[in-house]
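J.: Have a look at this one before I ask anything.
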Amino acid sequence: RGHHGSFSSTITLNAPVVSEERIEVDQTNESFVLNNTWIIKWNMTVGSHRTLTKERRLSERQYPHTPAHFGHITWTSPDNSEHLLAGVQEFLPGSVDGWTWCVAHAMGNNCDTWPGALGEVVALMHNAFDGTTLAHGDLHVGQILNQGDSYYIIDFDGDPLGHTPESWLQDVVGMLCSFIHVAAVAEVKYHAAHDFSEWVRIVSD
């Protein structure tokens with residue numbers, strides 16, 4: 001925690017880092033689990049200040065459906081703009097992303113209470129962003145961790161390939177499209193036999 005030239009850190013941890021393990025999944029950036037307690041995500045390119053703004057806003061509004069944040073490392077460029085280099089957040093043991101838990105729901109033709117719970121999690125996020133131009137920007141089931149009965153939204157970097165303004169509507173469309181993609185994974189990769197068109201319609205509604 002502190003400043004060194006044009007670099008600064010707000011990271012506060014309550015113990016020395018004695019272990020780290022790289023997260024071996026497909027991702028734009030690079031992440032490590034520290035002490036089996038925190039995740040540090042290093043941006044492979046200088047990150048947008050919008051990620052900082054989003055995470056700070058959610059913390060200020062006490063949004064409960066994202067892992068707790070423990071600070072960031074930033075760089076202030078010559079034009080005095082703040083850029084994100086890395087961030088640390090809570091590690092949620094046993095949590096799985098939507099390309100696992102949601103595909104399992106599709107395979108089991110499960111349409112019970114989880115879509116409503118998921119919709120509420122997303123709506124509460126947009127309520128926390130209310131009065132700003134903020135949105136998640138790259139929302140799909142892969143950005144939502146499931147731990148027990150709880151859901152947590154992660155990765156507020158936005159769409160790495162997107163060049164359009166972010167909006168809550170873009171987030172909703174991204175979620176609806178990802179249900180179609182989940183059904184395709186269940187059908188093509190796992191050769192599930194039932195018709196997924198009705199499953200997609202129900203969970204989307």
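The values are calculated or read from the model by the stated rules, or taken from the named source; none is laboratory data. Everything numeric in this text was worked out from a predicted model, so none of it was measured. Just the protein is used for accessible areas: all its heavy atoms, side chains included, with ligands, DNA and RNA removed. Shrake-Rupley method; radii C 1.70, N 1.55, O 1.52, S 1.80 Å.
J.: Using a Debye calculation, one point per C-alpha and no hydration shell, please list log10 I(q)/I(0) for segment 18-64 at q = 0.22, 0.30, 0.31 Å⁻¹ in order.
T.: Summing over Cα pairs of segment 18-64 leads to -0.92, -0.99, -1.00.
J.: Run lengths n ≥ 4 of DSSP H only: what is the helix-derived mean residue ellipticity at 222 nm for the chain, with -39500 (n - 2.57) per run over all residues, to the nearest 500? Don't skip to the answer; put the middle values down first.
T.: Values: 5 runs with 63 residues, N = 205.
Rounded to the nearest 500, the figure is -9500 deg cm²/dmol.
J.: Skipping prolines and chain starts, which residues have an amide H placed within reach, meaning under 5 Å, of the one on TYR63, given they are 5 or more residues away or on another chain?
T.: Under 5 Å from the amide H of TYR63: no residue qualifies.
J.: Give me the 1.4 Å probe accessible area per residue for the chain, excluding ligands and nucleic acids, in Å². Walk me through the numbers before you get to the answer.
T.: On the way: 11480 Å² over 205 residues.
That works out to 56 Å² for each residue.
J.: How much of the accessible area of the chain, in percent, comes from carbon and sulfur atoms when a 1.4 Å probe is used?
T.: Numbers: 6300 of 11480 Å².
Carbon plus sulfur share of accessible area: 55 percent.
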